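Worksheet: one structure, shown below.
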Amino acid sequence: QAKREGGDHIEPYRPALRTSGAGRLQLESDLRRAFTRGELSLAFQPIVRIEDGRIAGFEALLRWDHPKRGAISPAEFIPVAESSGQIVLLGQFALDEAARRLSDWHRMIDPTLFVSVNISSRQLIRQDLIGDVAAVLKRYDLSAGALKLELTESLVMDNPERSAQLLSKLKEMGLGLSLDDFGTGYSSLSYLMQFPFDTLKVDQSFLKSDNRPERPIILNSIVKMAHELNLTVVAEGVETEEDVERLRELDCKYAQSFLYSAPLTAEEARRELMEQKTTLRRSA
Ligand code: C2E
Ligand code: MG
Ligand code: MG
Ligand code: MG
C-alpha cells in the first residue's frame with residue numbers, strides 16, 4: 001500500500017491525512033470512549049427500487065455524535081479506526097445493530113427488506129468476519145440473503161488471495177456482496193473477475209448534475225456491462241430526474257441518493273416503512 005500516489009516518493013499508508021498527529025490520537029481515545037458512552041449509532045439510507053420508487057432495503061451508515069465536536073463524519077473517523085485497529089469493534093457494532101434493526105422490521109413490517117453493511121479491508125484481514133456474520137444471523141434469526149456486505153476497491157491491495165477466499169465463503173453462505181463506489185479506482189474492472197460480487201454500486205461521481213458530455217456515456221456503459229455480467233446495479237447519489245429516467249431506460253434496478261432520501265435514524269426508517277406499507281394496502 002506504499003506507492004499509491006505514484007512517483008518515487010514512498011510514504012507509509014495513511015488514509016486519514018486530514019487528521020494527523022495529536023488530533024488523530026485524540027480522536028482515537030475519544031473513539032474508545034464513544035463506545036461505552038453510546039455516542040455511536042447507525043443511520044439507514046433507503047435503497048429505492050427505481051421501477052416503483054419503493055424502499056427495498058437500506059445502507060447502514062455509522063454516525064458519531066461527539067460530545068464536544070458534534071457529528072463527526074465517517075469519512076474522518078473510519079480511516080482513523082482502520083489504522084488504529086478499532087475498525088474491528090466498530091464493524092462488529094455496525095453489523096450487530098444493522099441486523100437487529102432489520103429483524104425488527106422483518107417481523108413488524110416487511111420480511112423482504114435487506115440491509116447493506118460497509119466492510120473495510122482491514123476487517124477482512126483482522127476480524128473473524130465469517131464467524132461474526134454467522135453469529136449475527138443466528139442471533140437475530142435472519143436469512144443470509146437479507147444481509148449484504150459493501151466492499152470498496154481498496155479492499156484487495158493488502159491481501160488479495162485471502163480476501164478472495166473470504167468473499168467466496170460469504171457468498172456460499174448466501175450473503176449479498178456489493179462492490180462499492182465502482183469506477184473510482186483503477187482496479188475496479190479486474191475486481192469483477194477476481195471476486196464474487198453480485199451487485200455493483202456506481203459511484204456518485206458518475207451521477208452528478210454537471211453537464212459533462214462523457215458522463216451519460218460512461219454511466220450507460222457501466223450499467224450495460226454490469227447487466228451482461230449478471231450484476232445488480234445501484235446508482236449512488238443520483239441528482240436529477242433526467243438521470244433517473246436514463247437509469248429506468250437502462251433497467252437499472254436501484255438508486256440511493258438524497259433525491260429519494262437522506263440517511264435516516266432507525267426510528268425514522270421504521271416510520272417510512274410503516275407509511276409505505278399503508279400506502280401499499282390502500283392501493284391494493
Ligand atoms: P459509502 O459507503 O459510499 O456511503 C455512501 C455515502 O454517500 C454516505 O456518506 C451517504 O450519506 C452519502 N450519500 C448518499 N446519497 C448521497 C447524495 O445524493 N449525494 C451525496 N453527495 N452523498 C450522498 P457517509 O454516511 O458520510 O459515509 C461516508 C463513507 O464512510 C461511506 O461511503 C463508507 O465508505 C464509510 N462508512 C460509513 N459507515 C461505515 C461503516 O459502518 N463501516 C465502514 N467500514 N465504513 C463506513
Ligand atoms: Mg457503502
Ligand atoms: Mg458508496
Ligand atoms: Mg464512499
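Here is how the numbers come out for the structure above:
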item: Unique match (being buried (at least 21 other Cβ atoms within 10 Å of the Cβ), more than 16 Å from ligand 4 (Cβ to nearest atom), modelled with pLDDT of 95 or more and closer than 21 Å to ALA262 by Cβ) among VAL115, VAL133; result: VAL115
item: All positions within segment 97-126 that are over 17 Å from VAL48 (Cβ atoms), within 16 Å of ligand 3 (Cβ to nearest atom) and in contact (Cβ under 8 Å) with a residue 60 or more places away in the chain; result: ASN118
item: Scope segment 191-230; condition under 15 Å from CYS252 (Cβ atoms), away from ligand 3 (no atom under 13 Å from the Cβ) and crowded, with 19+ Cβ neighbours inside 10 Å; matching residues; result: LEU219, ILE222, VAL223, ALA226
item: Unique residue being open to solvent by 50 Å² or more (accessible area, probe 1.4 Å) and under 20 Å from LEU231 (Cα atoms) when the list is GLU161, GLU172, GLU150; result: GLU172
item: Test: residue in segment 61-75 that is at pLDDT 95 or above, closer than 20 Å to GLY176 by Cα and either open to solvent by 40 Å² or more (accessible area, probe 1.4 Å) or not small (Gly, Ala, Ser) (or both); result: yes
item: Among residues of segment 127-141, those that are part of a helix (DSSP H, G or I) and in contact (Cβ under 8 Å) with a residue 12 or more places away in the chain, counted; result: 8
item: Helices (runs of 4 or more DSSP H) enclosed by segment 142-241 - at least 1 residues per element that are more than 14 Å from the chain's Cα centre (by Cα) and acidic (Asp, Glu); result: 160-173, 214-228
item: Residue satisfying all of: in segment 50-60; of a type outside the set (Phe, Trp, Tyr) and either within 16 Å of SER178 (Cα to Cα) or crowded, with 18+ Cβ neighbours inside 10 Å (or both); farthest from ligand 2 (Cβ to nearest atom) among these; result: ILE50
item: Hits in segment 49-77 - residues which are within 11 Å of ligand 1 (Cβ to nearest atom) and among the aliphatic types (A, V, I, L, M); result: ALA60, LEU61, LEU62, ALA71, ILE72, ALA75
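Condition check ((1) out of contact with any Phe, Trp or Tyr (no Cβ under 9 Å at 6 or more places or on another chain); (2) within 16 Å of ligand 1 (Cβ to nearest atom); (3) of a type in the set (Val, Ile, Thr)) across all residues:
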position	(1), (2), (3)
LEU177	no, yes, no
GLY185	no, yes, no
GLN194	yes, no, no
SER209	yes, yes, no
GLU214	yes, no, no
ASP251	yes, no, no
ARG270	no, no, no
ARG281	yes, no, no
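The values are calculated or read from the model by the stated rules, or taken from the named source; none is laboratory data. Fair warning: this is a prediction, and the values are worked out from it, not measured in the lab. No Cβ is skipped: glycine too gets one built from the backbone with ideal geometry, and neighbour counts run over all protein chains shown. Just so you know, the surface numbers come from the protein's heavy atoms only, side chains and all, with ligands and any DNA or RNA stripped out. Shrake-Rupley method; radii C 1.70, N 1.55, O 1.52, S 1.80 Å.
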